[in-house]
1. Averaged across the residues of B:10-23, what count of C-beta atoms belonging to other chains lies within 10 Å of each residue's C-beta?
2. In whole angstrom, and with the biggest value first, how far do the Cα coordinates of segment C:129-188 range along each principal axis?
3. More than 17 angstrom separation, counting every C-alpha pair in segment B:199-259; what % is that?
4. With charges only on Cβ, +1 for K and R and -1 for D and E, what is the dipole size of chain A about its Cα centre, in debye, rounded to 20?
5. Distances from residue C:106 to the same position in the other copies: list them in nm, one decimal, shortest first, using label points 7 Å from Cα along Cα→Cβ.
6. Report the relative contact order of chain A, percent, no decimals, based on alpha-carbon pairs under 8 angstrom and at least 6 residues apart.
7. Which order do the peptides D:115-124, A:30-39 take when ranked by the mean count of other beta-carbon atoms within 10 Å per residue, highest first?
8. Going by a ≥ b ≥ c, the root eigenvalues of the Cα gyration tensor, does the protein assembly as shown fall in the rounded group (a/c under 1.5), the prolate group (a/b larger than b/c) or the oblate group?
Number of protein chains: 4
Amino acid sequence: MNQPRTIDLNSDVGESFGRWTLGDDTALLRSLTSANVACGFHAGDFSTMDATVALCLEANVAVGAHPGYPDLQGFGRRAIAISPREIEQIVLYQIGALEAFCRANGVRLTHVKAHGSLYNTAAVDIAAARGLARGVARYDASLPLVGMAGSRAYEIAAREAGLRLVTEAYADRRYMPDGTLQPRSFAGSLITDPAEAAAQALSIAHDGTVTTVDGRTIPVAAETICVHGDTPGASAIAAAIRTALTGQGISVQPFGVTAAA
Amino acid sequence: MNQPRTIDLNSDVGESFGRWTLGDDTALLRSLTSANVACGFHAGDFSTMDATVALCLEANVAVGAHPGYPDLQGFGRRAIAISPREIEQIVLYQIGALEAFCRANGVRLTHVKAHGSLYNTAAVDIAAARGLARGVARYDASLPLVGMAGSRAYEIAAREAGLRLVTEAYADRRYMPDGTLQPRSFAGSLITDPAEAAAQALSIAHDGTVTTVDGRTIPVAAETICVHGDTPGASAIAAAIRTALTGQGISVQPFGVTAAA
Amino acid sequence: MNQPRTIDLNSDVGESFGRWTLGDDTALLRSLTSANVACGFHAGDFSTMDATVALCLEANVAVGAHPGYPDLQGFGRRAIAISPREIEQIVLYQIGALEAFCRANGVRLTHVKAHGSLYNTAAVDIAAARGLARGVARYDASLPLVGMAGSRAYEIAAREAGLRLVTEAYADRRYMPDGTLQPRSFAGSLITDPAEAAAQALSIAHDGTVTTVDGRTIPVAAETICVHGDTPGASAIAAAIRTALTGQGISVQPFGVTAAA
Amino acid sequence: MNQPRTIDLNSDVGESFGRWTLGDDTALLRSLTSANVACGFHAGDFSTMDATVALCLEANVAVGAHPGYPDLQGFGRRAIAISPREIEQIVLYQIGALEAFCRANGVRLTHVKAHGSLYNTAAVDIAAARGLARGVARYDASLPLVGMAGSRAYEIAAREAGLRLVTEAYADRRYMPDGTLQPRSFAGSLITDPAEAAAQALSIAHDGTVTTVDGRTIPVAAETICVHGDTPGASAIAAAIRTALTGQGISVQPFGVTAAA
């Protein structure tokens, strides 16, 4: 390519709860351009959210809402048979709650990305994806929705709801031959070596490809790369990715900026 | 008085939760001009909130946020030693969550009124009142705060935060000689006879007075009158009050309208 | 038949939560021989449980634990992808919590019956049924497990865990041709007419059959008949059933008694 | 003293919740003789409880129930105006839930110790202490109650309820001149230096005294010494205490054993 590529680097933050701390957001935010802030259903609480939005502001990282299923004990990672209409409403509730802290801290809400089981369900279940997209659209149809690159459900639901879909790929998860993520239940599904995660991020951002668990190279068209904030050593992984990307002349910047250009 | 008086009539609504229904909001809303919608901490949930805001719109009743302590099982009626900073944050969270449903339903959020123990604590504890008022102000300083008529804490906190305080009196609660409410733990503290509640509302709206438990008449300057939505027969009480007020030439209208006039 | 039949009549009780009341347990208990008491996960709370066990004692009704998924807002009726091991643990937790109130009230815990989505999942998913049965067995393998008549999953799981399975049929739900219940989402799946429910109960208890939605008669071998406590008019339905059964010479008594005979 | 003293060493364990881990129980248990296991209200969940009881069994540490206020987000450290009757019921519920995991793991429940704000409230509020003691007694009056050494409220309530009171002092908290603990809000109220905590433990166990924040020496008669499990480096502190105690010929053993002797 002759043109310099640009890519966004995002992570889930604010996933502490009350007395319990998860991840090192301050360190992680140094490498990110976008952050998905937990909204109290799967993680996060009113105090964590206020502090996290303030941290993002200080780190100059774009703030998105990160709604999940109402399941603190399961961290929003259990599938729940919740209707599309209810998905719409849990998304609305959580975006509103987070935007309150954005307003209070003088920060603009830039996007929405679903968490855990809600994110994964929407990637394969068009009814769930429609609930998610409709929740965002009823709140503010100008808010981009971050969804899994290659998911037809996300594409269709976002288009129908009039939302911009921001496609996402993972630096620290293994890919199956069909482009989906290897389930967490498989050993090794999570890439925890910074160099390896950086290599995968570079492949995504520079070549638009990713290597699957069976060694094939498949295309992936992503506008943002995700690193998991609750992986041990997440901030080192994120830093390695950012260094690798910028080292190859790839501009790491929020997708909102890209869109405006 | 030569001038026709105007007064607002408010009640707490949307206090169902999941499978559990509380009150008959549809019937109650017919008599109200303002509604305080539960936001999920002491009552209400994402589905109830969406449906309740839609009901208010249909009934042409002004919608306010009704934040409470995080205590579903105690219905927000237990005192909790929560810091002023946390009060600020639970208020922010809940206002934001409710406004999401206002946006989704094309309704304007008109005010904030705290629930139960948070409301009562703020009436006598200036630090709590400041947390409450600051939570509202950080969200939107143009949102009026409904507070107990005669409470110095509400007055000071609202003024410091730059908020309009809308003073409130109760049609269906007995008053103590010092102008505070007789605690619910006393038998008879709740007025459940529609005629009696209507008489007290009329006294408040027309004469600016209320009769105390020991038979004295004390002044009370209220811009809005509250009826409890979870009292048995609440809708009949509200209807009796509205009829009594309009029958005496008092205009029952949202305080927002009054302010704009 | 020449021999008088005996049958147990059970219902879910104690499904209020905090400020929210559901059903009229006092009236309902007059007709029951066994009660399944909610344990705080889908409904019920520490105060409701204490009061409900006392009510059962007063009404001389056998007390069982009624564990459900951890989902108050969904009333335990949503399917949740919770592992068999976690099912075992949520069952243990809830049986223990309920037995505390049995001990405190001098009442013996007589059985366990799962609630809502957990009950239905166990009826068709052997892994879930094993989790349920193992939870009961780890607590006390002499506690009978109430499960859906005709469910192979319940049969296998109970046998493997060394539990007595008490088979159950429904007086107030429509049956599909294959012996499963018509889903609640279908209009008319709930029988709310006392006479009709009584007729179905009689058919179950006397003839060992039930009529399906398409008019066929299928066999059903049940030791206990369930009436839903949260149906409007549940106590009238239960009373009609009891009257119909005893009117036909069927002895309505707890299955524990039957077993001991 | 001529006689070798014996003392118990206890800590709160099992205070993780879902995805969130708190403390290193495995390391901590190596030094303890008694453990207070969180029961799901302020911390802990059904899976954590099962695993924690199994860990205690493996480490040969006595298992007690550690009931707290229903406040996960506040970790049970907020005062809540909950009635004595409700305290009784939340204690019953949580003891029962924990004993289920004791039964399932073949472990005997040895004691009850309240958590955080419930523990502290009971130390000074006789009505709360009575609720706590009555909850234990309604469950099993042979279960010892661990309470703050020197608290009249604990003494009276335990005696009235017919419970054995096991008096407790703190190795890692500063004492006020009146024998109460310096509030956590004060800087330095928590002793985090292992040597210093060991010295305080030794003073308690050997001399029956503790040094207050203003340098005085006051008597304290304790049968068990507590170390906080959520302090950073808790396991090192506990190990230092145990080494110091045994080094001075003090036998560290569960109070249950002492009682039986």
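Values in this text are rule-based calculations from the coordinates and carry no lab data. Worth saying up front: this structure is predicted, and the values here are computed from it rather than measured. Backbone-built Cβ (ideal geometry, glycine too); neighbour counts: all protein chains shown.
1. Details: counts 0, 0, 0, 0, 0, 2, 1, 7, 11, 13, 13, 3, 3, 0.
If you average over the peptide's residues, the count of other-chain Cβ atoms is 4.
2. 40, 17, 17
3. On the way: 829 of 1830 pairs.
When all Cα pairs of segment B:199-259 are counted, 45 percent exceed 17 Å.
4. Numbers: 20 positive and 25 negative charges, 77 e Å.
It works out to roughly 360 debye.
5. For residue C:106, the inter-copy label distances come out at 3.6, 6.4, 6.8 nm.
6. Across chain A, relative contact order equals 22 percent.
7. Numbers: D:115-124: 22.8, A:30-39: 26.1.
Listed from highest to lowest mean packing, they are A:30-39, D:115-124.
8. Numbers: a/c = 1.09, a/b = 1.01, b/c = 1.08.
It is rounded, given that a/c, with a ≥ b ≥ c, falls under 1.5.
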